[in-house]
Every structure is written in C-alpha cells, then in structure tokens.
1. Of (1) farther than 26 Å from PRO189 by Cα; (2) open to solvent by 30 Å² or more (accessible area, probe 1.4 Å), PRO19 satisfies all except one. Which?
2. For residues that are touching a residue at least 40 places away in the same chain (Cβ under 8 Å) and surrounded by fewer than 17 Cβ atoms within 10 Å (Cβ to Cβ), tally how many sit in segment 26-39.
3. Given the residues ARG124, ARG161, which is the only one that is more than 21 Å from ALA101 (Cβ to Cβ), touching a strand residue (DSSP E or B) at 6+ places or on another chain (Cβ under 8 Å) and surrounded by 15 or more Cβ atoms within 10 Å (Cβ to Cβ)?
4. Mind checking which pairs have a first residue in segment 80-95 that is under 11 Å from ARG56 (Cα atoms) and touching a residue at least 24 places away in the same chain (Cβ under 8 Å) and a second that is open to solvent by 10 Å² or more (accessible area, probe 1.4 Å) and in a strand (DSSP E or B), Cβ under 9 Å, 6 or more apart or different chains?
5. Where in segment 180-227 are there strands (runs of 3 or more DSSP E), lying fully within it, with 1 or more residues that are small (Gly, Ala, Ser) and either surrounded by 13 or more Cβ atoms within 10 Å (Cβ to Cβ) or free of Cβ contacts under 8 Å to residues at least 12 places away in the same chain (or both)?
6. Are there any pairs with C-beta distances below 6 angstrom linking a residue in segment 40-63 that is closer than 26 Å to ILE113 by Cα and open to solvent by 10 Å² or more (accessible area, probe 1.4 Å) to a residue that is assigned to a helix (DSSP H, G or I) and not polar (S, T, N, Q), with the two at least 6 apart or on different chains, and if so which?
Amino acid sequence: MHIFEEWISQADQRPAKRPWVSLCYAQSLDGCVTLQRGRPLVLSGAETRRLTHWLRSKHDAIVVGSGTVLADNPQLTVRLVEGQSPQPIILDSRLRTPPNARLISGHPRPAWIATAEPTDPVHRAALEAAGATLLFLPPDKNGGVALTSLLDCLAQRGVSRLMVEGGAQVITSFLASGLVDVLCVTIAPVLLGGLHAVEQALPHPLRLREVYVETLGGDVVVWGKLD
C-alpha cells in the first residue's frame, strides 16, 4: 500500500468535522511554480503527471484559484490512470471565471465557484446558464473567500477528501490558515528564479512529520503530514 492510501485510510476513520485536505503541487529546486504570474509552466515529468492524476482519483473534489483558471484553463480530470474525476471547485472571490472555461463547459462535473463579493448579475447568470454552481461565502480579512467557511460548505455537500492544486496564492492561503493535513510536493530538477509556491511569510514555520521521499523519473516527490 502506498503511504498516501494509508493516510487516506486513517483520515476516513476520524470524525468528519471538515474535509481532509491534501495540498499537492509541483515546484522547481528553488521553490518556484512558474517564471511569472499568469504564465503557466509544466514542471512535472511524465511519471509525476501520472501521479497527479492518481491523486485526483483519490479525492471527492479538487480546488484551484481563478488565476490558475485564467492562465492555464485546466481540465482537472483523471485521464492518465483509471478513476473518477473529482468535483472541480474554483476559488474566485471577484468572480472572474469566464463561462467558457473548461472546468465549466468541458468537464463532466461543471465547477462549483466559491465567491465572496457581490456579483454582476449578468455574469452570474451566464455562469449558471453554462452549468456552474455559485457558492456565496463570507470573505476573509483580505477580501478572499474564507477557507474555513468553504470547508464547512463542502462538508455539507458531502466532500470528505479535498485536493488543493494551486496556484501560489491558494497554496499560501491554505498553509497560512493551518488547514492542510497532508503535503505532496513534486520537485523538478530545474532552477527558475520565478514565482514561489509560498509567496509570503507564514504565521509560523510548518514542519512535516512522517516524511517520505521517492524518485519518479527525474523528479523527487516529498510527502508528509502537517499538524
């Protein structure tokens, strides 16, 4: 059994106060996810991309930020392994997601969009007509979606395992909020000098426990639990 499946088994036995959260992303040796904001960059090799799809298949839902949707227009489906695609969720406090985004118009499960601000009724109607479900949630102190409210909402909708995939602002927000249970970081053997995955100082250092390291192709994958 892979260590991740063991952790899932342990998580499934705990009281379901909120979804179990895994944070999974790829970065360079110097901790960057891309060269500059808004310009996606593929860092993972073929084997670690397959790992990402396997991880998706182990979750009920997957969340990315609206910046990732605008820059990369991802699918977030399970294609490289057998398994069911998770429910896509977009964190979009300013409701910037276009109705023709692939997560809405081209996904077997049209996205849930978590937003915090009053919305343009015309844009809202276009998103809902395209199949999106809007989740209106309280804002945090910075005007983004309050993540604790998001997790409460997802628990009520039957989500027990949530995968967080990016981008940098979403990664930082989840870590700063102390809402990550398991971290899986793919480290590609390249130096970028670009946008860091954790883009600002965290409230306090976060140390992994039960750390596991494996090599897949040319990449190194680091796994660990966060308290």
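1. Just one mismatch for PRO19, condition (2).
2. So the answer is 6.
3. On inspection, the qualifying residue turns out to be ARG161.
4. Every condition considered, the pairs that remain are PRO86/ARG161; GLN87/TRP112; PRO88/TRP112.
5. Counting at least 1 such residues, we get 219-225.
6. PRO40/ALA71; PRO40/ASP72
The values are calculated or read from the model by the stated rules, or taken from the named source; none is laboratory data. Keep in mind that what you see is a predicted model, and the values were worked out from it rather than measured. Don't worry about glycine lacking a Cβ; one is built from the backbone with ideal geometry, like all the others, and counts go over all protein chains shown. Side chains included, ligands, DNA and RNA excluded: accessible areas come from the protein's heavy atoms. Shrake-Rupley method; radii C 1.70, N 1.55, O 1.52, S 1.80 Å.
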